[in-house]
Amino acid sequence: MKLAAIGSNCIDYYQNMNGGTAFPGGGPVNMAVYVARLGGKSAYIGPVGNDEFGHVMYNAIKDKGVDVSHLQFKEGKTAVTQVELVNGERVFGDYDEGVLADYKLSQDDISFICSHDIVICDLWGKVEGYFEELHERGILTAFDCATRPDDEACKIAIPHSDYVFFSNDESPIELLKEQMKEIYSRGPKLVIAMRGEKGSVCFDGTNYHEMGIVYCDNVVDTMGAGDSYIAGFLNAIIRGRSINDSMHAGAMNATETIKYFGAW
């Protein structure tokens, strides 16, 4: 399985941890790292600034075995989210998207992406407009809508996405299923809702498949759980596993991540 993860990356900067600590991450970056952890091959395609955090991001991703040959250093700042730990809980502050603000893929990037089995992005990646071309060129596409499948970026990407993921642990199950049915009508072949402790649901156009979590008796940190689920699901489905098996693989990978602090 070869995954191309494109678009957003971000340094989570914890202001009150050891005088300031930087944790590299961002949805597509996390997914690339998790696929490598699962024994697949992955590449991250996206921009970082030519500042200190850009080099932190580059080195951290590379050290995890992810292909960074199409990670770009651009003049400017790497995306940063300010985070504080308050009574053990994260409080997110200012976000500066830095060089991500005007990111564009080159034709060389697109050709490189199409050498993989599947490409994934999220709604912050600035590359949803390329999904139509990527899909037409024959690569499988996946898009993570986070909690906002009605955002404009999602509306652009969903019709050209084979797999659409989003998070919703609040809606009653019947309302959730209606939401999934509506998203499915826009074009994807599978719609997957991640529900936190309630597990996940996948709609294939006919049936709703439901899967619980894989229990963990030592939850340290839920950061990256959703990204881990997506990576585990895609790694399994691309290898020919069933929908239910792929959902279980996603849940198992999420449980592995919540055993330690930080996304990876």
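The values are calculated or read from the model by the stated rules, or taken from the named source; none is laboratory data. The model shown is predicted, which means the values in this text are computed figures rather than measured ones. Here the Cβ positions follow ideal geometry from the backbone for every residue, glycine too, while neighbour counts run over all protein chains shown. Accessible surface is based on the protein model in full, side chains and every heavy atom, while ligands, DNA and RNA are left aside. Shrake-Rupley method; radii C 1.70, N 1.55, O 1.52, S 1.80 Å.
Binning all Cα-Cα separations of the range 92-235 at 5 Å, short to long from zero, yields these whole-percent fractions: 2, 9, 18, 21, 19, 14, 10, 6, 1, 0. Value of Rg to Rh for the range 1-69, rounded to two decimals, is 1.00; Kirkwood radius and Rg both from alpha-carbon coordinates.
At q = 0.07, 0.09, 0.13, 0.17 Å⁻¹ the log10 of I(q)/I(0) for the chain amounts to -0.22, -0.37, -0.80, -1.41, computed by Debye summation with a single uniform scatterer per C-alpha, solvent ignored. For the range 40-94, the convex hull drawn through the C-alpha positions has a volume of 106 cubic angstrom per residue.
Near Gln82: Cβ cut-off under 9 Å, other residues only, Lys/Arg at +1 and Asp/Glu at -1. The net charge is -4. From most to least packed by mean Cβ count within 10 Å, the peptides 137-144, 204-211 give 137-144, 204-211.
If you wrap the Cα atoms of the range 1-157 in a convex hull and average its projected area over all directions, you get 9.5 nm². Accessible surface of the chain, 1.4 Å probe: 47 percent of it comes from carbon and sulfur atoms. For the residue pairs Lys74/Lys104; Lys126/Lys155; Lys2/Lys104; Lys104/Lys189; Lys77/Lys126, the alpha carbons lie more than 18 Å apart in Lys2/Lys104; Lys104/Lys189. Kindly work out what percent of the DSSP beta bridges joining two residues of the range 89-206 are antiparallel, to the nearest 5. That works out to approximately 25 percent antiparallel. Only beta bridges with both residues in the range 7-96 are counted; by DSSP, about 55 percent of them are antiparallel. Suppose we keep just the DSSP beta bridges with both residues in the chain; what percent of those would be antiparallel, to 5? Antiparallel bridges make up about 40 percent of those DSSP assigns within the chain. Computed per residue of the chain from DSSP H runs no shorter than four, each worth -39500 (n - 2.57), the mean residue ellipticity at 222 nm is -9500 deg cm²/dmol. Along its first, second and third principal axes, ordered by size, the range 98-151 spans 29, 23, 15 Å in Cα coordinates.
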